[in-house]
Amino acid sequence: MGEQTGRKKQTGKSALKMQPVSSAAAEFTFQIPAVEIARSLLEWFKPEARPMPWRDPRSEGTPLSDYAYGIWISESMLQQTQVSTVIPYWKRWMEKWPRVASLAAACEEEVLLMWEGLGYYNRARNLLKAARKVMEIHGGVFPSRHEELLELPGVGPYTAGAVCSIAYNHPRAIVDGNVIRLLSRLFTLSFTQRPSELKPQDLLWQISESLVRAAAEIEHPQSCSAFNQAMMDMGATICTPTNPLCLTCPLSPHCKAYKEQSQSQYPQPPARPALVLREDTALLVRDAGKNILLQKRTATGRNHGFWQLPLVENTPLPKAQEAFHPLRLSFISREPLARLQHHITCYRITLKVYPGKTDGGFSQGENLRFFSEKELGAIPVTSSHRKLLQKIL
């Protein structure tokens with residue numbers, strides 16, 4: 001199913017009958033000027049769309065499936081990551097694996113190496129698993145049906161909706177951070193909730209679906225695709241977290257927060273977990289040939305499959321020696337060679353690297369071995385340890 005055809009003209013408002021997010025009333029009818037909003041965004045998007053390589057028009061003869069594959073890769077990379085960071089990664093990825101069949105033939109280590117620096121590495125593993133499933137079940141043709149996309153590893157409602165709407169122009173809803181901010185301000189949606197009320201996230205999905213279905217009825221060659229991308233771009237460039245550009249926003253006539261001058265109140269931020277301080281200790285160990293000892297993270301831990309310097313987490317220097325003893329490693333000096341501060345979720349981590357050595361009885365294994373400096377560029381290394389090695393070397 002490709003472009004929408006035979007659309008009917010639509011006027012008036014779309015009514016969503018649902019329980020309130022925060023109201024004393026039992027239920028109410030939520031009036032959405034869906035067609036007006038959709039038309040305004042489509043008109044705004046054409047001249048204002050942000051240039052992104054995955055938005056380039058398909059070359060003549062390029063299968064729609066290959067285009068959808070590129071959209072899927074971009075949307076997977078864009079989760080928790082800024083567009084400016086993603087663009088060079090996406091270009092390198094598509095040069096190496098331009099279609100789902102080429103990705104399916106890759107090995108996990110080279111996929112992780114290509115992904116290195118983007119974080120949340122299960123996204124990369126799931127891309128590889130999903131590509132292999134597409135080859136096995138769909139014969140290498142990237143699915144167009146929402147239900148089929150949801151069966152792929154790592155694909156949730158947002159990614160499935162994005163691929164269906166952007167690549168295949170289906171009227172499927174999307175809700176990401178930019179869309180949440182835009183819709184919360186448009187309709188002054190509070191994110192407080194009582195147990196008997198509709199979940200805020202469900203309300204946002206219903207509104208998003210109402211809007212994209214209204215867009216599907218407008219005469220436009222790619223209305224659903226353009227509309228959903230317009231919502232994301234509007235949130236990123238106009239309806240920004242701070243100092244939104246309301247005077248240039250085409251949706252300001254419909255925006256309740258703008259009328260009330262309450263933009264800064266929406267959306268209400270979720271409570272943040274308390275920050276936890278942590279100190280990790282690592283060793284830099286070289287052999288006679290100046291090769292560097294690295295340890296592979298196990299399949300049960302975070303960043304599994306990545307290499308790092310021998311490390312003990314949440315263990316400062318005084319207790320670290322005891323932790324390194326089973327590996328037959330010890331300290332040469334108590335003065336750190338380098339240190340690095342970084343964040344993982346609620347943890348603020350200070351990582352210190354000390355010079356170390358191997359003790360009697362040490363032996364290399366599958367998950368603990370020496371690498372030359374040249375080999376370091378060909379294996380996936382955790383981003384914090386890559387930075388430390390660049391400092392030290």
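The values are calculated or read from the model by the stated rules, or taken from the named source; none is laboratory data. Computed from a prediction, not measured in an experiment: that's the story for all the values here. We place every Cβ from the backbone using ideal geometry, glycine too, and count neighbours over all the protein chains shown.
Key figures for this structure:
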quantity: Of the criteria (1) surrounded by fewer than 16 Cβ atoms within 10 Å (Cβ to Cβ); (2) at negative phi; (3) not in a helix (DSSP H, G or I), which one N243 fails; calculated: (2)
quantity: Residue ID - farthest from K352 (Cα to Cα), chosen from residues in the stretch 263-286 that are among the charged types (D, E, K, R) and surrounded by 13 or more Cβ atoms within 10 Å (Cβ to Cβ); calculated: R286
quantity: Residue pairs meeting the criteria (Cβ under 7 Å; at least 6 apart or on separate chains; first in the same structural domain as N126 (by TED's automatic domain parsing) and in contact (Cβ under 8 Å) with a residue 60 or more places away in the chain, in the stretch 159-171; second acidic (D, E) and assigned to a helix (DSSP H, G or I)); calculated: T159/E75; A162/E75; V163/E75
quantity: Complete set of residues in the stretch 330-371 that are more than 21 Å from G119 (Cα to Cα), in contact with a helix residue (DSSP H, G or I) (Cβ under 9 Å, 6 or more places away or on another chain) and aliphatic (A, V, I, L, M); calculated: L337, A338, V353, L368
quantity: In the stretch 368-385, the residues that are basic (K, R) and modelled with pLDDT of 95 or more; calculated: R369
quantity: Scope the stretch 101-118; condition assigned to a loop (DSSP other than H, G, I, E, B) and either more than 20 Å from the chain's Cα centre (by Cα) or farther than 18 Å from W307 by Cβ (or both); matching residues; calculated: A105, A106, C107
quantity: Residue under evaluation A299, criteria (1) under 33 Å from the mean Cα position of the chain (by Cα); (2) in contact (Cβ under 8 Å) with a residue 40 or more places away in the chain; (3) under 23 Å from L113 (Cα atoms), criterion not met; calculated: (2)
quantity: Residues (surrounded by fewer than 22 Cβ atoms within 10 Å (Cβ to Cβ) and not aromatic (F, W, Y)) located in the stretch 113-127; calculated: L113, M114, E116, G117, L118, G119, N122, R123, R125, N126
quantity: Members of the stretch 97-120 found to be hydroxyl-bearing (S, T, Y) and under 23 Å from Y67 (Cα atoms), listed by number; calculated: S102
quantity: Test: residue in the stretch 300-310 that is outside the structural domain of V353 (by TED's automatic domain parsing), among the hydroxyl-bearing types (S, T, Y) and on the phi < 0 side of the Ramachandran plot; calculated: no
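Yes/no per residue for (1) among the basic types (K, R); (2) in a helix (DSSP H, G or I); (3) more than 27 Å from W54 (Cβ to Cβ):
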residue	(1), (2), (3)
D202	no, yes, yes
Q206	no, yes, yes
A214	no, yes, no
E219	no, no, no
K259	yes, yes, yes
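Residues checked against (1) touching a residue at least 40 places away in the same chain (Cβ under 8 Å); (2) assigned by TED's automatic domain parsing to the domain that holds R181; (3) of a type in the set (A, V, I, L, M, F, W, C); (4) more than 30 Å from E373 (Cα to Cα):
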residue: P241; (1), (2), (3), (4): yes, yes, no, yes
residue: L245; (1), (2), (3), (4): no, yes, yes, yes
residue: Y258; (1), (2), (3), (4): yes, yes, no, yes
residue: T281; (1), (2), (3), (4): yes, no, no, no
residue: P316; (1), (2), (3), (4): no, no, no, no
residue: A320; (1), (2), (3), (4): no, no, yes, no
